[in-house]
1. Which number in (1) within 29 Å of residue 172 (Cβ to Cβ); (2) buried (at least 19 other Cβ atoms within 10 Å of the Cβ) marks the one condition that residue 266 misses?
2. Of all residues in region 209-243, count the ones that are closer than 17 Å to residue 271 by Cβ and touching a strand residue (DSSP E or B) at 6+ places or on another chain (Cβ under 7 Å).
3. Which condition number does residue 71 fail, the rest of (1) modelled with pLDDT of 90 or more; (2) in a strand (DSSP E or B) being met?
4. Select the helices (runs of 4 or more DSSP H) contained entirely in region 168-274, then report the ones holding at least 1 residues which are closer than 30 Å to residue 129 by Cβ, touching a helix residue (DSSP H, G or I) at 6+ places or on another chain (Cβ under 7 Å) and without any contact (Cβ under 8 Å) to a residue 60 or more places away in the chain.
5. Checking the conditions here, which among 13, 63 is under 23 Å from residue 268 (Cα atoms) and in the same structural domain as residue 87 (by TED's automatic domain parsing)?
6. Taking region 125-135 only, how many residues are surrounded by fewer than 16 Cβ atoms within 10 Å (Cβ to Cβ), touching a helix residue (DSSP H, G or I) at 6+ places or on another chain (Cβ under 9 Å) and over 18 Å from residue 16 (Cα atoms)?
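The values are calculated or read from the model by the stated rules, or taken from the named source; none is laboratory data. These figures come from a predicted structure and were not determined experimentally. For neighbour counting, all protein chains shown are included, and Cβ atoms are generated from backbone atoms with ideal geometry for every residue, glycine included.
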């Protein structure tokens with residue numbers, strides 16, 4: 001990370017499960033990772049190159065990237081131009097509450113990773129960001145929020161194609177994830193995960209990595225970090241307790257891994273930025 005690289009996150013008290021992120025970088029690369037919530041990304045300067053599901057995508061001014069939960073992706077800037085990325089990070093539950101009375105209820109059942117070129121909607125989403133960070137009336141914020149997201153979902157309304165060649169199976173992955181979610185505070189072994197799928201350790205590692213895009217240990221570390229983000233943003237628990245609850249050896253280990261993943265410390269992530 002260079003001196004030009006900056007990363008900020010703002011958690012909104014009035015909208016639990018909604019975080020605004022800002023990243024400015026000269027030549028920073030995001031390693032393969034996933035999220036537990038939706039990321040709606042806007043490149044407002046430069047170009048960001050992302051890869052998911054084996055395909056390369058080039059995000060530029062006027063583009064909107066929708067990244068659903070659990071999709072492994074990476075990102076990098078190529079060249080010397082600085083890029084700026086604004087991200088709306090929205091939990092599935094929060095996204096559904098926006099549309100509980102519309103055709104987009106249970107939206108997380110139908111959205112796929114997508115890039116949409118729509119400069120006008122980018123402008124509306126940036127207005128939404130400014131509104132949420134201001135003292136404007138709640139009605140004005142809510143109207144802009146719902147209208148912007150509804151337009152985005154309308155443009156992105158395509159159902160994910162169900163793949164028939166899942167190597168460990170969709171239900172098996174859900175079983176693995178549920179088990180890990182329930183045992184994040186404990187040490188989770190390769191034997192335990194392989195046993196959940198009735199595969200050998202070698203078969204499990206090979207099939208998991210080919211299907212998910214990350215090795216099991218890297219995926220589990222990201223799961224621990226994503227859960228820790230939720231704890232930092234929406235609880236007043238001590239950082240050391242959040243680290244322990246999510247299976248880190250100690251706070252020092254947690255701080256180190258968190259900063260490697262998000263480029264800021266857990267305490268900085270927890271702060272509300274203006």
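1. With (1) within 29 Å of residue 172 (Cβ to Cβ); (2) buried (at least 19 other Cβ atoms within 10 Å of the Cβ) applied to residue 266, the lone miss is (1).
2. So the count comes out to 1.
3. (2)
4. 216-234, 239-245, 251-262, 266-270
5. 13
6. Qualifying residue count, region 125-135: 1.
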